[in-house]
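Below is one structure, written out as structure tokens; comments come after it.
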Amino acid sequence: MNRKNISKDTLQIGTRGSPCVQDESMGAVSMNQTGLERTNLSEVCYANDMVELLQVQSRSPFEIHHILTGLEKTPEITVDAELYLPEGTGPFGCVIALHGSMGWASHHQDHVNGWLDAGLAVCKVNSFLSRSIDSTVDDQLSVTHAMMLVDAFRIRSLLEQDPRIGKIGISGWSLGGTVALYSAWSPITDILGTPFDAHLPFYPAAHLRPEIQEWSNSPILILHGDADDWTPLHFVESLLPQLPNATLHVYQGGQHSFDSELDYTHLPKAVHLKKRTARIDTKGNMSGELFLGIRLPLNQRWQRRWVIRILRIRGAHVEGNPAARSDAMLRGKEFFIRQLCQ
């Protein structure tokens, strides 16, 4: 299939050392993740679809505070992504997808395959791999939602220049779900770029409480389980009144990663959330209440690490739920078809 590449001035496409190869057992693309040499403008096949390997210049702000108060002072980073295109000429509705704290998982790819089958393009952002990180389950401070927010918007800015791409939505799981949710907050879009056309967060950590309660009017569908002890449902429920166009669908008995096929598993080092929220004031400063009304700043990495050690907020569970998984696969796909293809 012939594909036109967009400007070399705004996009680098290439391979990581060795070419991508099709993994027929999983229907996914595997690649050598140790090589970092890149060739220019290469295309590879993914089943009946096309895959283009993208790069954008992004940044690594530790927290949303740094996006709001001085993004240009944060470290620069080159971020890789994979753009999957369905058959046809487009323009295609496109989903920017972001992984969770354990990186890319098989159930993420199951959703991606469903979106591709529906005629959507999908761009998987490799926020961890680009920063030489495999997982943040044990250390949520190594790659943060703020870093992934910048990555997502930089990818969006690139894709919106591509004539094959139409409306652009965003989705993510857990950590990536947090990004998919807070990418709708207006102070973020004012700085990072064009609002997304639709948001599909899976079990996000919805613990951030901005004093500026201004959000995009783009539709948000949040899928969450009521038994989640990693990113509890009550945070979403209490944030919901702020959101002008959001729907919450709750799976009874659903644990974290309910849309996976995982057995019930305890992750003893996972940093979980209980009841405490983090405030973002009108000047972009972040803080949290520790004890007896005492608020502590949460802008810097050392402050966040100190609070985690004091509160000892470790340990969470994951488990797949067949009924919830089946419903979420269909519900998420139908949401994106409605919002991005019509």
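Does the stretch 234-248 hold any residues that are touching a strand residue (DSSP E or B) at 6+ places or on another chain (Cβ under 8 Å) and surrounded by fewer than 20 Cβ atoms within 10 Å (Cβ to Cβ), and which are they?
Let us first name the residues in the stretch 234-248 that are touching a strand residue (DSSP E or B) at 6+ places or on another chain (Cβ under 8 Å), namely 236-237, 239-240, 242-248.
Hits for the stretch 234-248 are Glu237, Leu240, Gln242, Pro244, Asn245, Thr247, Leu248.
Of a type in the set (Asp, Glu) and either buried (at least 24 other Cβ atoms within 10 Å of the Cβ) or farther than 27 Å from Val236 by Cβ (or both): is that true of Asp134 in this structure? First the steps, then the outcome.
Details: of a type in the set (Asp, Glu): yes; either buried (at least 24 other Cβ atoms within 10 Å of the Cβ) or farther than 27 Å from Val236 by Cβ (or both): yes.
Considered against the rule, which asks whether it is of a type in the set (Asp, Glu) and either buried (at least 24 other Cβ atoms within 10 Å of the Cβ) or farther than 27 Å from Val236 by Cβ (or both), Asp134 comes out as yes.
Could you list, in sequence order, all residues of the stretch 175-210 that are touching a Phe, Trp or Tyr at 6+ places or on another chain (Cβ under 7 Å) and among the polar types (S, T, N, Q)?
If the condition is that a residue be touching a Phe, Trp or Tyr at 6+ places or on another chain (Cβ under 7 Å) and among the polar types (S, T, N, Q), then Ser183, Ser186 are the ones that fit.
Looking only at the stretch 274-329, which residues are among the polar types (S, T, N, Q), at pLDDT 65 or above and farther than 21 Å from Leu248 by Cβ?
Result: Thr282, Asn285, Ser287, Asn299, Gln300.
Of all helices (runs of 4 or more DSSP H) completely enclosed by the stretch 138-196, which ones contain at least 3 residues that are buried (at least 24 other Cβ atoms within 10 Å of the Cβ)?
Numbers: elements: 145-159, 175-182, 186-192.
Where helices (runs of 4 or more DSSP H) fall fully within the stretch 138-196 and carry at least 3 residues being buried (at least 24 other Cβ atoms within 10 Å of the Cβ), they are 145-159, 175-182.
Which condition number in (1) crowded, with 17+ Cβ neighbours inside 10 Å; (2) without any contact (Cβ under 8 Å) to a residue 40 or more places away in the chain; (3) part of a loop (DSSP other than H, G, I, E, B) is the one that Pro201 fails?
It fails just one condition, (3).
Just wondering, is there one or more residues in the stretch 168-187 that are among the hydroxyl-bearing types (Ser, Thr, Tyr) and touching a Pro at 6+ places or on another chain (Cβ under 6 Å)? Steps first, answer last, please.
Taking the stretch 168-187 as the starting set, the residues that turn out to be among the hydroxyl-bearing types (Ser, Thr, Tyr) are 171, 174, 178, 182-183, 186.
Applying the additional criterion that residues be touching a Pro at 6+ places or on another chain (Cβ under 6 Å) yields 178.
Checking the stretch 168-187: at least one residue is among the hydroxyl-bearing types (Ser, Thr, Tyr) and touching a Pro at 6+ places or on another chain (Cβ under 6 Å).
Taking the stretch 72-92, which residues are touching a Leu at 6+ places or on another chain (Cβ under 9 Å) and at pLDDT below 95?
Pro86
The values are calculated or read from the model by the stated rules, or taken from the named source; none is laboratory data. Everything numeric in this text was worked out from a predicted model, so none of it was measured. Because the Cβ atoms are built from the backbone with ideal geometry, glycine has one as well, and the counts that use them run over all protein chains shown.
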